[in-house]
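This report concerns only the one structure given below.
None of the figures in this text is laboratory data; all of them are computed from the coordinates on show. Predicted model only: the values in this text are computed from it and were never measured. Glycine gets a Cβ as well: all are built from the backbone with ideal geometry, and neighbour counts include every protein chain shown.
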Amino acid sequence: MAEIVIKNVAKNFGQFTALHSIDLAIADQEFMVLLGASGCGKTTLLRIIAGLETPSQGEVWIGGRRVDRLPPRERGIAMVFQNYAVFPHLTVFENIAFGLRMKKLPQPEIDQRVTRTAELMHIEQLLKRYSGQLSGGQRQRVAVARALAMEPDVILMDEPLSNLDALLRLEMRAELKGVLAASKTTTIYVTHDQVEAMSLADRISVMNGGKIVQAATPVEVYRNPAARFVGSFIGNPPMNFIPATRVGEGKWQVAGLTMDGPKAGPDRLEFAIRPEDLTITPGGLKATARVVEPLGAHTLVTCEVGGAPFRAVLESDLSVAPGDDLSLLPKSDRVRWFDPETTMAV
Amino acid sequence: MSVAVATDVPRPVAEINAAGKFLFVAGTVMLCAWVLVPIYLLVVNTLSSPQDVSAFPKTGIPSFDFGSLQFFLNFAGVARALWNSVLVAVLTMVLSIGIGAPAGYALSRFDFPGKATFRMLVLMTRAFPLPLLALPLAVMFIRVGLDDTAVGLALVHTTLAIPFAVLITFSIFAGIPIELEEAAWTLGCNRLQAFQKVVLPLVLPGITASAIFAFTISWNEVFAAAVLTVENRTLTAFLLQSLSVSPMHLKFAGGAALVLPALLFIFAVRKYLFAMWGIANR
Amino acid sequence: MPQRALPYLLLLPATLFLLVFFVYPFVQIAILAFSGPEGFTLKPFLTMATHWKFQTTLWNTLLLTAIIVPIQLVMALSMASIVAKLKTGRNTILYIFTIPLGLSDLAAGIIWLAIFEQSGFLNSVLVGLGLTERPILFLGYQNLWMIFVAVILAEVWRATAIVMVILVSGLGLIPREYYEAAEVFGAGPWKRFTKVTLPMLRPSLQTALILRTIAAFEVFAVVVALGGTTLPVLMGETFNWQFALSDRNVAAAYALVILAISIASTLVFLRVLRTPKGATI
């Protein structure tokens, strides 16, 4: 059983607070992704769970044991680093076997585990090579194999795909998902790429400024962002935001259009809708197309709505030209509202 | 933009390049000769008989007579001086790496109050004419019984070598990503094991090079050796003291004895030398 | 994971060592230079300064440095530029150029002795070419200036490699794009050298100049090898006062003079060759 509980963990580096009081619970065998931009604290949190940093306050529990004062080797974890950290002076075989030798496992068992994980990661033909002779993608597989061979309770991954080229990243993502699911290990995965997060995670913790803004399933995070930040960070292109003022009970003025909205709460809110949740239908927001990008699968139109930029993702066979006036109707069940003061969802 | 004049005849590009290239090659050859010829001349003298060494005019060709060398090696005190030089240099090598490498590691891995002060201390030692320290140390050594010993001189030479050792090992360790150690920690190693199994194999060539460099610094050092050794002279002290009275062929053979090991050492570490000096001086 | 005390433990041996074998003797020298039988006194300095040899010694050392260092700088720049441009044989040429790095100054002195001494190679060449009839006594005490020249040659020969190595690594840091951009904007090779290479080499030049100048003030064994006691220099006089004249206080005073000019020149170089904040590569 390897559930992870993080209680009130904070981390300061001198004057700088990297993490403000994090509380998070991760279930056994869950695939949790820590998602955020650079500097949001996601790697710091991962390293605290790993034991490579000590928290300034708080507790870390793995599998029912309190581990925050223990060194990494006593936590039952294995880690895959962003730059792979494959030992250059050892062969691929010895790299994968490294942790097993430290555990003093008998040689036959070591051989068996190494070959098994190497086959899993499709590197069995590279076992006698050294890391200098491997490509980036191959080194990455070695790093993953090395972690898997430990058969840990928890696998921690720090942006393992970010140094690969786009095509390789796509392939590895799919492979990783399969391999990690089959291994039945709790996984914590750090990334800044929201597509990766959406594709791999059971749950995503969106982080910003050292705090977890929302921790929920990918669909939930996408459909019901808990804060403006989540809405603007997830989804490509990001959510559109328009300031709205109350004009009556449950009625709101949004860029010249009157819409139904929240009844209670402040008189000024932000109206939000995703670009793909718009259709060209009369009675919608008045938009003037400025830039039209035919992307093949769909067309991205950047318009002006109420004097501000506004994006819409439309079907590719619609012909739109710059300068056209359009009426964009939002799907009513996809409209979201945010309080501009607190940036939280309403 | 100047207007092309009708009388301008464009020179073929190949011609211009040829002239420049010739200068370049000539310059390189001259500089190489500048470095190599004096050494060659020393070798000529070393490999000539004592008579040839004092003879005039010199032909520039060695007579391949080992008389000078034999005289040198059999000369009273030379064998001991050679042995002392080796002893002191080895001690210096061991001490400077033993003391300097941990400091280099600490500087490369940790951030702590006092780090800047320590670096300042190390850099300051470079600005000071270190051999002069031999003067008061001579007195101190007499009091502790270290005067005229290999250990005493090695301690002074180590002071000379430590700044290099620290700065060089610092850059060597800094070249090993800490992630490698961290990976080892997650794979079951404690700090010491991670160092032994991951860092050490990777830094060994560089550490060896800096050890050899420390050896060379000690082997070549003159002032402190002359000050601190009387009976147990090192080769440099011996040659210095006897300069005014020794015959020519002795001087030259002695010079060759100084030069040869240094040449070999520099050849052995040539890959690192340049990285070492370049980095050590930043 | 990291214990608090570990870095300090690792630094402890080096710190202790330097305190005992560097700071302590240094303080001793400083004290010695200012003490006499009755305590604090400037007598050692007075003895030193009024000694008939002092002016010449100081002058010799400063003059030697003033001539040697610029020559070395120019030569090292040339050698470094050559090495930077080389393609084939670069490693061999580099090794050859750096050979003098491994040589003791005493060895260098002896090598050039072989060339300059009365029955040496220079005389052999001169007589062989018919330029003179008899061998010239280059290194006699009458030809002080000749000894000077010999010392300069020996030092330039020996120590230029150190400057070159520092410059080569500095050159290696300059990205090619800067040269290409300069070329596109119309700068010829000389202009590229003065406007791109030299300014970007400033930190390396600064380091090299500081180190070489300090080392030049310490010139000792080369002078003894070539000129015996004919050409007094600061380091040699320090040695002399310590042993031949048995006055440790004056020796310490000389040591402090060397230290003072070393620090002064370091400060000058730090000031003159400093790079404005943010103007580095």
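For residue B:271, the lysines whose Cα comes closer than 18 Å to its Cα, not counting residues fewer than 8 places off in the same chain, are C:87. Loop-located GluC sites (Glu not before Pro) across the stretch C:84-155 with a Cβ neighbour count of 10 or fewer within 10 Å are C:133, with loop assigned by DSSP. Of all lysines in the structure, those lying under 19 Å Cα to Cα from residue A:211, and not within fewer than 8 positions of it along the same chain, are A:7, A:11, A:42. Restriction of the chymotrypsin sites (Phe, Trp or Tyr not before Pro) in the stretch C:55-124 to DSSP coil positions whose beta-carbon has at most 16 other beta-carbons within 10 angstrom yields no sites.
Estimated from helical segments only, the mean residue ellipticity of the protein assembly as shown at 222 nm is -17000 deg cm²/dmol, where each DSSP H run of four or more residues counts as -39500 (n - 2.57).
Longest exposed-loop-site-free stretch of chain A, with trypsin sites (Lys or Arg not before Pro), DSSP loop and at most 11 other Cβ within 10 Å? For trypsin sites (Lys or Arg not before Pro) (loop position, at most 11 other Cβ atoms within 10 Å), the longest site-free span of chain A is A:264-346.
Calculate the FRET efficiency for residue A:321 and residue B:24 from the Cβ-Cβ distance with a Förster distance of 41 Å, rounded to the nearest 0.05. Before the final figure, lay out each step's value.
Details: r = 62 Å, r/R0 = 1.50.
FRET efficiency, residue A:321 to residue B:24: 0.10.
All other residues with a Cβ under 15 Å from the Cβ of residue A:316 taken together, and with Lys, Arg as +1 and Asp, Glu as -1, what is their net charge? List each step's numbers first, then the result.
On the way: positive: none; negative: A:276, A:293, A:315, A:317.
So the environment of residue A:316 carries a net charge of -4.
Residues whose amide H falls under 5 Å from that of residue A:213, counting only those 5 or more places apart or on a different chain, are A:206, A:207, A:208, with hydrogens built in the peptide plane. Here the stretch B:187-241 yields Rg over Rh of 1.35, to two decimals, using C-alpha coordinates and the Kirkwood radius. Look at the stretch B:34-44: the mean tally of other chain Cβ atoms within 10 Å of its residues' Cβ atoms is 6.
Counting Cα-Cα pairs of chain C in 10 Å increments starting at 0 gives whole-percent bin shares of 6, 21, 25, 24, 16, 6, 1, 0. Across the stretch C:55-233, Cα pairs under 8 Å and at least six residues apart give a relative contact order of 39 percent. Shown in residue order for the stretch A:141-157 are the 3J(HN,Hα) couplings computed by the Karplus curve 6.51 cos²θ - 1.76 cosθ + 1.60 at θ = phi - 60°: 5, 4, 4, 5, 4, 4, 6, 5, 4, 6, 6, x, 6, 9, 10, 10, 10 Hz (x for Gly and Pro). For residue B:80, the shell of other residues with beta-carbons less than 12 Å away shows a net charge of 0, using +1 for Lys and Arg and -1 for Asp and Glu.
Relative to the longest principal axis of the Cα atoms of chain A, the long axis of helix A:92-102 lies at roughly 70 degrees. What does the net charge come to around residue B:264 if you take all other residues with beta carbon closer than 15 Å to its beta carbon, with K and R at +1 and D and E at -1? Every neighbour counted, the sum reads +2. Note on the stretch B:139-194 and the stretch A:132-210: Cα centroid distance 39 Å, given to the nearest whole angstrom.
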